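Asks: I am attaching a structure below and will ask some questions about it afterwards.
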Amino acid sequence: MAKKLVIKKFISGLNINMQQDTSSHISKIIEQDIWGTIKNALDFAIFSYGKNDSVEITVGVVLLVIFVFIITSLLLRFIRSFILKRLLKEDKLKFLSIFKFVKYIVYLIVILITLSSAGINITILLTASAALFVGVGLALQELFQDIIGGVFIILDKSLLVGDVIEIEEKVARVIEIKLRTTRALTRDDKVMIIPNHKFISNTVYNYTQNHRTTRENVKVGVAYGSPTQKVKEILLNCASEQKGILENPVPFVLFEDFGDSSLLFGIYFYIDDSFTDPKLKSELRFKIDDAFREANISIPFPQRDVHLFQTSQKTETS
């Protein structure tokens, strides 16, 4: 019986030791292998710069940047909606163009501040990317000029949607102002895409910057000997009958000059749509030509008098 009790105690002790060894082994596996792998995954390094300085970006920092990015996006969206509700319709497109530019700057600043607050030395990042920034700046120099030009156009209101402009001998109506380019519709229904830096470096005529009314004119020459007061009366009557010419300010006639072969007159009038200017002038010229024909007033063409002189030569015969 004593031997059996000793054997039972030995077996039970052996089982206890085996259970303790198994538990200890499992704990070591969980602590060193599984948790160690997870910890290494959470604390992994993205890259290092130099031998002594290093930039470590953990999963926690990445999650923080994403969280801050989302919060910033929601805040910017709220600000945009809040401001758009209080702007006029013609100012909304200008604000959206500026807001896009500001949004990118805000995103960059927020990300840099977040990384710096998380203990990352952003000076290393800026130093490492300095050469890249210089190269990109030189390659995209004209792009930056267009963006800066777009910001100036929107801020100083030198150009508005609906303005009639003349640039590079082309007359067009502005239909859209973006951060980099401006789109305008020409008189022959073609869309002209204009880089914004041209509005800073080139001379641009804005027909409707101060007001929508512009003064136009049609010039005509009549033959010498024509009744000048009658010509003035006909021109004023044609202008008053022409659709599109404003009654106020009142049209007026100027006796421009004594030309080589005609008396030069100009009828000056005001319109509120400079974009349709060629069509209106054409219709007015038709009216003037018909009225002159009825009044027997001729529109001369350039004439030149040619005088021939013949010299007689005496021939001497010997």
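The values are calculated or read from the model by the stated rules, or taken from the named source; none is laboratory data. Owing to the predicted nature of the structure, the values given are computational and were not obtained by experimental measurement. Please note: Cβ atoms are built from the backbone with ideal geometry, for glycine as well, and neighbour counts cover all protein chains shown. These area figures cover heavy atoms from the full protein model, side chains too; ligands, DNA and RNA do not enter into them. Shrake-Rupley method; radii C 1.70, N 1.55, O 1.52, S 1.80 Å.
Asks: Using a Förster distance of 25 angstrom, determine the FRET efficiency expected from the C-beta separation of F255 and R285, and round it to 0.05.
Replies: Given R0 = 25 Å and the Cβ-Cβ separation, E is 0.85.
Asks: Measure up K190/K287; K190/K281; K170/K243; K170/K281; K85/K170; K85/K190 against 28 Å on the Cα-Cα distance and list the ones that go over.
Replies: In this structure, K190/K287; K85/K170; K85/K190 lie more than 28 Å apart at Cα.
Asks: What does the net charge come to around S261 if you take all other residues with beta carbon closer than 13 Å to its beta carbon, with K and R at +1 and D and E at -1?
Replies: Residues close to S261 contribute a combined charge of -2.
Asks: So between L63 and V191, what do we pick up on full extension, going 0.36 nm a residue minus the alpha carbon distance?
Replies: Difference between extended and current length: 41.5 nm.
Asks: Can you tally the net charge around F78? Count Lys and Arg as +1, Asp and Glu as -1, for every other residue whose Cβ sits under 13 Å from the Cβ of F78.
Replies: In short, +4.
Asks: Using a 1.4 angstrom probe on the protein heavy atoms only, could you order R77, R183 from most to least accessible area?
Replies: R77, R183
Asks: Report K157's accessible area, 1.4 Å probe, all protein chains in place, as a number in Å² to the nearest 10.
Replies: Counting only protein heavy atoms, the figure is 100 Å².
Asks: How far apart, in nm, are the 7 Å Cα→Cβ label points at T228 and I113?
Replies: 7.4 nm
Asks: Rounded to the nearest 0.05, what FRET efficiency is calculated for R86 and E168 with R0 set to 35 Å and r the Cβ-Cβ distance?
Replies: Computed FRET efficiency for R86 and E168: 0.40.
Asks: Return the loop-located GluC sites (Glu not before Pro) in the stretch 203-257 (DSSP other than H, G, I, E, B) with at most 13 other Cβ atoms within 10 Å of their own Cβ; answer none if there are none.
Replies: Counting only loop positions with at most 13 other Cβ atoms within 10 Å, the GluC sites (Glu not before Pro) in the stretch 203-257 are E247.
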